[in-house]
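Only the coordinates and a few stated rules stand behind these numbers; no lab work does. Since we're looking at a predicted model, the values are computed, not measured. Virtual Cβ from ideal backbone geometry, glycine too; neighbours counted across all protein chains shown.
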Amino acid sequence: MIRTALARSTAAASAASRSTVASLRMKHTLPKLPYDYNALEPAISAQIMEIHHSKHHNTYVNNLNAAEETLSNALAKNDVKGTIASQSAIKFNGGGHVNHSLFWLNLAPEKEGGGKLVDGQLKAAIEKQFGGLDELKKKVNAQALAIQGSGWAWLGYDPSTKSLDIVTTKDQDPLLSHVPLVGIDMWEHSYYLQHQNNKAAYLENVWKVVNWKTAEERMKQAN
Ligand SMILES: [Fe+2]
């Protein structure tokens with residue numbers, strides 16, 4: 001009897017603790033861009049940037065918050081099926097939030113150095129492994145164009161082998177196998193209003209505004 005009462009009391013305390021954690025959890029918010037919507041023109045149009053950031057990314061943020069709320073409620077009720085059911089929404093919308101947050105910092109206006117790979121350890125690694133930036137771009141483009149449906153093309157860094165790798169992920173799956181240095185959004189919403197079905201034209205333009213300084217910083221932090 002005492003043991004049962006104790007078990008109930010422990011379960012209640014545990015649920016209350018989870019509930020407190022849930023209520024204290026910070027909501028995710030849409031990050032501000034470090035440049036204006038028109039700052040990447042002509043490589044990426046202001047219209048695409050505004051819709052991509054304020055509509056698409058914002059939807060991932062809102063849906064991630066809703067999915068985490070669903071998960072918190074399921075956990076508080078020891079609802080295992082509910083917990084499992086919330087996972088795919090968290091993966092999709094959480095990936096969308098993480099990937100886009102990285103993507104915006106991945107880009108820089110041309111007049112602020114966008115597209116310019118300056119001397120440093122990243123440039124040295126690209127030259128050593130790929131023979132230069134142009135060769136790297138060709139290889140990334142080929143893999144990006146081969147993505148079936150929606151996804152992302154990445155230049156990733158593997159700290160264990162100290163090497164760069166080109167990787168693609170499906171849908172909004174984030175890059176987990178490597179430290180992402182540069183991610184290219186290959187969803188139609190990234191280019192269709194500007195280039196329609198011409199993905200190659202989108203890729204040619206997006207390289208003009210890649211923020212290589214940020215990419216190198218990520219590589220340094222990974223070591
Ligand atoms: Fe996107």
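Look at region 117-128: where a residue is touching a residue at least 24 places away in the same chain (Cβ under 8 Å) and over 13 Å from N211 (Cα atoms), no partner that is among the polar types (S, T, N, Q) and assigned to a helix (DSSP H, G or I) sits 6+ places away or on another chain with Cβ atoms under 9 Å.
Looking across region 92-115, the residues that are away from the ligand (no atom under 16 Å from the Cβ), in a helix (DSSP H, G or I) and touching a residue at least 40 places away in the same chain (Cβ under 8 Å) come down to E110, E112.
Scan region 54-62 and give yes if some residue there is within 14 Å of the ligand (Cβ to nearest atom), among the charged types (D, E, K, R) and either touching a residue at least 12 places away in the same chain (Cβ under 8 Å) or surrounded by fewer than 20 Cβ atoms within 10 Å (Cβ to Cβ) (or both), otherwise no. Yes, there is a match, as at least one residue in region 54-62 is within 14 Å of the ligand (Cβ to nearest atom), among the charged types (D, E, K, R) and either touching a residue at least 12 places away in the same chain (Cβ under 8 Å) or surrounded by fewer than 20 Cβ atoms within 10 Å (Cβ to Cβ) (or both).
Checked against (1) more than 20 Å from H97 (Cβ to Cβ); (2) crowded, with 21+ Cβ neighbours inside 10 Å, G156 passes all but a single condition, namely (1).
I'd like the residue in region 39-53 that is assigned to a helix (DSSP H, G or I) and more than 15 Å from the chain's Cα centre (by Cα) and, out of all such residues, is farthest from the ligand (Cβ to nearest atom). Working first, answer last.
First, pick out the residues of region 39-53 that are assigned to a helix (DSSP H, G or I): 46-53.
Now restrict to residues that are more than 15 Å from the chain's Cα centre (by Cα): 46-51.
Working: A46: 16, Q47: 14, I48: 10, M49: 11, E50: 13, I51: 10 Å.
Here the residue is A46.
In region 71-84 there is at least one residue that is within 20 Å of Q172 (Cα to Cα) and surrounded by fewer than 17 Cβ atoms within 10 Å (Cβ to Cβ). Considering region 116-223, the qualifying strands (runs of 3 or more DSSP E), each wholly inside and each with 3 or more residues that are among the β-branched types (V, I, T) and touching a Phe, Trp or Tyr at 6+ places or on another chain (Cβ under 8 Å), run over 163-170, 179-185.
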